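Below is one structure, written out as C-alpha cells; comments come after it.
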Amino acid sequence: MISTVLVANRGEIACRVFRTCRELGIGTVAVYSDADASALHVREADAAVRLPGATPAETYLRGDLVVKAALAAGADAVHPGYGFLSENPEFAQQVLDAGLVWIGPPPSAIEAMASKTRAKELLGIASLVAADVTEADLPVLVKAAAGGGGRGMRIVRDLGALEGELTAASAEAASAFGDGEVFVEPYVENGRHVEVQVLADGHGTVWALGTRDCSLQRRHQKVIEEAPAPGLPPSLVAELYDRSVSAAKAVGYVGAGTVEFLVADDRAHFLEMNTRLQVEHPVTEEVHGVDLVALQIAVAEGGALSPEPPSPRGNAIEARLYAEDPAGGWTPQTGTLHALEFPVGSRVDTGYVSGDAIGVHYDAMLAKVVVHAPTRAEAVRKLVHALERARIHGPVTNRDLLVASLRHPEFHETSRLDTGFYERNLDALTQAPPGEAHAAVAAALAEAEGNRGRFGGGWRNLASQDQVKVYGDHEVRYRPTRDGGAGYTVTVPEGVRPVSVAPDRVRLEVDGVVRDFEVARHGDTVHVGPHRLTVRPRFPDPTDQREPGSLLAPMPGTVVRVADGLAPGARVTAGQPLLWLEAMKMEHRVIAPASGTLTALHAVPGRQVEVGALLAVVQTDAQEDQTV
C-alpha cells in the first residue's frame, strides 16, 4: 500500500492530488523551483524539496532530481500530474528503477502514445511530411509530437509561412516539454474537440468514462469544457468509446488517460491519446461520481476496477480562469492576486489563494471553476452565477469573457459548437460588460467618500463645480451636496441617483432600480463587483516622452529570437513579426504596427524584459511623410 506520494508537478494539479491523498490518509511531498518557494502547493504538502535548475521553467523537467527528492523525503510513489514530465517514458522508468510506485501507465504505453507521430503510426494514420506540403494541403496544423496544451502548435494557411512556423513551434515545444519534435497534419476547419476519458486496471478492464466537449479554445488551449459532449448521435458516441478502449488495449494501458478526436460532419478524426490526467478531468468526476486521482492510486496499487463504469448523471461544466487579456491578444498578466474568492455551490481547483503573486514562468491559469446540475442549461446558469459573484482582485483576467461565452447564443446551440468560436465572436465577447458605466460611478463616489473621511467631515467642493474621474473608458462627473442624503449628485452619466455612499460600498438607483456595488481599490485599479476598472488621468502624462512608433513589451518575459536580418534601417511591413517573447511557457509575437522603417532595435535574444520595456521603434510611412 502507498503511504507517501510525491507530486512531480506544481500549482493547481499538485494541490488537487494532495487533496485526495489527505482524504485517503496518504502523506504528501511537494517539489518546487526557486520561483515557487512560497507557492500554495508547497505550503499544503507535508514536506517539500527544492529542485535546482538553470531556469524556473526547466526545473520541473529534471527527472533525476525529482526521483532523488522522492527518495530523500521518504516517498514511496510518484504522481506526475499533467504537463512537464507526465508523458515522458524515460522519467516513468526512472521512477520504477528507483523502487518507487509510478502512478501512471507503463513506460511502454507512454512511449507508444506520448509521441503523436508514433501514436498515429500505431493506429494506421499517416501524418504529412513537411517538405511535401503543397498549396492544396492548406490549411495545415504544425503540432508538437510530445506534450499538449496548445504549446508547439500553429495553424498555417500560407505556404510561405510554414518554415517559420515549424521553427517557432519546435522552439516552443522544446521549452515546454524538453522535446522539439513537431509534425504536420491536415487542419480540420470548424470541427468539435471531443474526447473520451479512459481508465484501465492491470487486470484487463478498460472503462470509457463518458465524453467531454472542449471546443471553446484559444491558442489551441481549452477555455470551457463540459461533460457529456452535447448533441452527439448515439452511434457516434458508441464509435468513440470503441476506438478509445481499443487504443488503450492496443498498448497495454493502465491508469487514467484521454483519447482526443476532432469531430466534423458526425465523423471522428483521431488526434492523440494523452497518457495522463487531463486538466478538465473534474467534469467527468462530477458526472460519474468518481475521484479519478483516487482511482489512479488504487490501480497503481494493483486494485481491480468493477466490470462496468459508474453510470453518468446530469451535466458538468468547467471554466478555466486565466490571468490574461483576451482583448489584447490573450496577453498573460502578472502581479499580486489581492483576492480570489468564490461563492458556495461551485467546485474550485486552484493553486492560488488571496495575496499570492502571479509570476511569468508558468501557465496563466488561476483556477478551474466547476459546477454540476441535472441539465446543461442549469449547469450553465450556475457557472455564470459563480463567476459573476466571485471576488477576483488583481491583474486582468478572462472572467468577463467566460461569462459572455456562456451566455452567447452559439454556446446554447450545440450544433454550432466548434473550435472556431473565438475566431468568430471575440470582438463581440470582449465588449465592455453591461453595468460597467454604473460601476465607474460607484468607484468615483467611493473614492470621494474615502477622501472626505481623510480630509475631515467639513470638506466640501464648491457646489457649482463638477468633479471629474475617468475609469477605463467611462467618464464620471459628480458634485458633493449638503442635502443630508447620500451627499452627492451625479451629472454624467445621466439617470443615476446615489442612495448611500461609503468607501467600500455604494448603493445607486438607476431608472428606478436600486443596486449595491462593493468597491475595493488596489493602487490604480478599482474592483467594483465583477468589474475591473483602471483609473486614468484626464490629461496625457507629461513625463511620458516615448518616441512615436515605440514597440513596448506587452508582458514581462524573455526575448527568444529576432526576425532574420532585422536591424536598424530595415524596411518592415504592417503585421510583420519582428521578435518573439517567451512568457508563461508560450511564445508571443511582437509585430510591426504599420509599414515603415525600423529606426531602433533594443531587443537581444536572451534579454529579460519587464512590461513596458522599449523593444524597438518603427517610424511609419505616415510619420516619414510628416517630416518631408
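Find the residue count for the stretch 351-366, including only residues that are crowded, with 22+ Cβ neighbours inside 10 Å and either charged (D, E, K, R) or more than 14 Å from T334 (Cα to Cα) (or both). Total meeting the criteria: 2.
For the stretch 511-540, filtered to residues that are touching a helix residue (DSSP H, G or I) at 6+ places or on another chain (Cβ under 6 Å) and assigned to a strand (DSSP E or B), the residue that is farthest from E447 (Cα to Cα) is H531. Taken over the stretch 219-256, the residue count meeting the criterion of being buried (at least 20 other Cβ atoms within 10 Å of the Cβ) and within 28 Å of E587 (Cβ to Cβ) is 5.
Meeting the requirement of 1 or more residues that are within 25 Å of the chain's Cα centre (by Cα), the strands (runs of 3 or more DSSP E) wholly within the stretch 7-121 are 27-32, 77-79.
Of the numbered criteria (1) among the hydrophobic types (A, V, I, L, M, F, W, C); (2) closer than 25 Å to G160 by Cα; (3) part of a strand (DSSP E or B), the one V617 fails is (2).
Answer yes or no as to whether V283 is in contact with a helix residue (DSSP H, G or I) (Cβ under 6 Å, 6 or more places away or on another chain), among the aliphatic types (A, V, I, L, M) and within 16 Å of P310 (Cα to Cα). First the steps, then the outcome.
On the way: in contact with a helix residue (DSSP H, G or I) (Cβ under 6 Å, 6 or more places away or on another chain): no; among the aliphatic types (A, V, I, L, M): yes; within 16 Å of P310 (Cα to Cα): yes.
Spelling it out, it is not the case that V283 is in contact with a helix residue (DSSP H, G or I) (Cβ under 6 Å, 6 or more places away or on another chain), among the aliphatic types (A, V, I, L, M) and within 16 Å of P310 (Cα to Cα).
A364 fulfils the conditions (1) more than 18 Å from the chain's Cα centre (by Cα); (2) of a type in the set (A, V, I, L, M); (3) modelled with pLDDT under 95 except for a single criterion, (1).
For the stretch 511-537, which residues satisfy the criterion of being closer than 23 Å to Q465 by Cα and more than 30 Å from the chain's Cα centre (by Cα)?
Restricting attention to the stretch 511-537, the residues satisfying the condition of being closer than 23 Å to Q465 by Cα are 535-537.
Result: P537, single match.
Checking each residue in the stretch 427-447 for being touching a helix residue (DSSP H, G or I) at 6+ places or on another chain (Cβ under 7 Å), surrounded by fewer than 19 Cβ atoms within 10 Å (Cβ to Cβ) and over 25 Å from R477 (Cβ atoms) picks out only T430.
Checked against the criteria, G255 counts as modelled with pLDDT of 95 or more and among the small types (G, A, S). Only one of the listed residues (D400, D427) is in contact (Cβ under 8 Å) with a residue 12 or more places away in the chain and either of a type in the set (D, E, K, R) or not assigned by TED's automatic domain parsing to the domain that holds E341 (or both). That residue is D400.
Scan the stretch 168-179 residue by residue and report those that are surrounded by 18 or more Cβ atoms within 10 Å (Cβ to Cβ) and touching a Gly at 6+ places or on another chain (Cβ under 8 Å). A169, S170, A171, E172, A173, A176, F177, D179 - these are the residues of the stretch 168-179 that are surrounded by 18 or more Cβ atoms within 10 Å (Cβ to Cβ) and touching a Gly at 6+ places or on another chain (Cβ under 8 Å). Could you figure out which of (1) hydrophobic (A, V, I, L, M, F, W, C); (2) over 26 Å from E582 (Cα atoms); (3) in contact (Cβ under 8 Å) with a residue 40 or more places away in the chain isn't true of A114? With (1) hydrophobic (A, V, I, L, M, F, W, C); (2) over 26 Å from E582 (Cα atoms); (3) in contact (Cβ under 8 Å) with a residue 40 or more places away in the chain applied to A114, the lone miss is (2). Would you confirm whether any residue within the stretch 249-266 is part of a loop (DSSP other than H, G, I, E, B), free of Cβ contacts under 8 Å to residues at least 24 places away in the same chain and more than 27 Å from the chain's Cα centre (by Cα)? Within the stretch 249-266, one or more residues are part of a loop (DSSP other than H, G, I, E, B), free of Cβ contacts under 8 Å to residues at least 24 places away in the same chain and more than 27 Å from the chain's Cα centre (by Cα). Residues considered: G523, G612. Of these, the only one that is closer than 30 Å to R391 by Cβ, modelled with pLDDT of 90 or more and surrounded by fewer than 15 Cβ atoms within 10 Å (Cβ to Cβ) is G523. So which residues in the stretch 65-81 are within 23 Å of R151 (Cβ to Cβ) and surrounded by fewer than 22 Cβ atoms within 10 Å (Cβ to Cβ)? Once the filter is applied, which keeps residues that are within 23 Å of R151 (Cβ to Cβ) and surrounded by fewer than 22 Cβ atoms within 10 Å (Cβ to Cβ), the stretch 65-81 yields only L65. Within the stretch 202-218, restricting attention to residues that are touching a residue at least 24 places away in the same chain (Cβ under 8 Å) and not in a strand (DSSP E or B), the residue that is surrounded by the fewest Cβ atoms within 10 Å (Cβ to Cβ) is H203. Here A136, A72, A130 are screened, and the one residue that is aliphatic (A, V, I, L, M) and touching a helix residue (DSSP H, G or I) at 6+ places or on another chain (Cβ under 8 Å) is A130. Checking each residue in the stretch 468-497 for being within 28 Å of Q431 (Cβ to Cβ) and either more than 38 Å from the chain's Cα centre (by Cα) or loosely packed, with under 12 Cβ neighbours inside 10 Å (or both) picks out Y478, V490, T491, E494, G495, R497.
The residue that is farthest from Q431 (Cα to Cα), among those in the stretch 322-336 that are among the hydrophobic types (A, V, I, L, M, F, W, C) and surrounded by fewer than 21 Cβ atoms within 10 Å (Cβ to Cβ), is W330.
Only one entry in V223, V263, V254, V259 is in contact with a Lys or Arg (Cβ under 9 Å, 6 or more places away or on another chain), of a type in the set (V, I, T), closer than 25 Å to R19 by Cα and assigned by TED's automatic domain parsing to the domain that holds E410, namely V223. Identify, from the list V559, V572, V617, the residue that is modelled with pLDDT of 90 or more, within 17 Å of A168 (Cβ to Cβ) and of a type in the set (A, V, I, L, M). Step by step, each of V559, V572, V617 is checked, and only V559 is modelled with pLDDT of 90 or more, within 17 Å of A168 (Cβ to Cβ) and of a type in the set (A, V, I, L, M). Residues of the stretch 182-214 being among the acidic types (D, E) and either out of contact with any Pro (no Cβ under 9 Å at 6 or more places or on another chain) or modelled with pLDDT of 95 or more (or both), which ones? Answer for the stretch 182-214, where residues must be among the acidic types (D, E) and either out of contact with any Pro (no Cβ under 9 Å at 6 or more places or on another chain) or modelled with pLDDT of 95 or more (or both): E185, E195, D201, D213.
Residue count for the stretch 280-305, restricted to those that are assigned to a loop (DSSP other than H, G, I, E, B), surrounded by fewer than 23 Cβ atoms within 10 Å (Cβ to Cβ) and touching a residue at least 40 places away in the same chain (Cβ under 8 Å): 7.
The values are calculated or read from the model by the stated rules, or taken from the named source; none is laboratory data. Remember, predicted model here, so these are calculated numbers, not experimental data. Ideal geometry is used to build each Cβ from the backbone, glycine not excepted, and the neighbour counts take in all protein chains shown.
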